[in-house]
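The block underneath contains the structure these notes are about, expressed in structure tokens.
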Amino acid sequence: MSSLQRRRGVKAKVWKTKEHVDSRGNKVLVADPAGPVEVRCALIPQRSARAEVPGQMQINITRMIVSADLSDVTLWSRVEALGTQWDIVTPPAYHHGNRKTRHWAIDIRERPS
């Protein structure tokens with residue numbers, strides 16, 4: 001079981017982080033090219049700044065709360081939620097509690113369109 005907020009939350013797709021060897025033989029971290037994992041999450045708006053004049057960028061940051069069994073998510077992972085693409089801006093923070101309430105909190109920033 002998970003908390004009610006996450007169980008009835010929003011569906012999101014998460015691309016986990018994989019290690020990839022580039023053409024020069026360097027090991028780099030990338031979003032998994034094999035595809036995303038679908039999760040249910042709670043989204044909590046954190047802060048936003050709307051573009052006032054042309055050329056400014058809109059900043060939209062949201063905290064995503066997912067179950068504790070999600071692994072391999074780092075700053076190189078990607079998220080698709082609410083029909084838009086998001087980047088992870090802070091390392092996921094693990095919150096330990098009883099079995100029903102433990103979770104990961106991940107701050108995500110909306111990608112500019």
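The values are calculated or read from the model by the stated rules, or taken from the named source; none is laboratory data. Computed from a predicted structure; not experimentally measured. Quick reminder, even Gly has a Cβ in these numbers, built from the backbone with ideal geometry, and neighbours come from all protein chains shown. Ligands, DNA and RNA are stripped out before the accessible areas are found, and what is left, the full protein with its side chains, is counted by its heavy atoms. Shrake-Rupley method; radii C 1.70, N 1.55, O 1.52, S 1.80 Å.
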From T90, T101, residue being more than 21 Å from L29 (Cα to Cα), surrounded by 13 or more Cβ atoms within 10 Å (Cβ to Cβ) and among the β-branched types (V, I, T): T101
Within the stretch 83-113, tally of residues that are in contact (Cβ under 8 Å) with a residue 24 or more places away in the chain and under 12 Å from the mean Cα position of the chain (by Cα): 13
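A105 - would you say it is within 23 Å of A34 (Cβ to Cβ) and out of contact with any Gly (no Cβ under 9 Å at 6 or more places or on another chain)?
Values: within 23 Å of A34 (Cβ to Cβ): no; out of contact with any Gly (no Cβ under 9 Å at 6 or more places or on another chain): yes.
Taking the combined requirement at face value, the residue does not satisfy it.
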Scan of the stretch 91-113 for residues that are under 15 Å from V14 (Cβ atoms) and part of a loop (DSSP other than H, G, I, E, B), ordered by number: P91, P92, R111
Every residue from the stretch 34-82 that is at pLDDT 85 or above and open to solvent by 70 Å² or more (accessible area, probe 1.4 Å): A34, E38, R40, P45, Q46, R63, D69, D72, L75, W76, L82
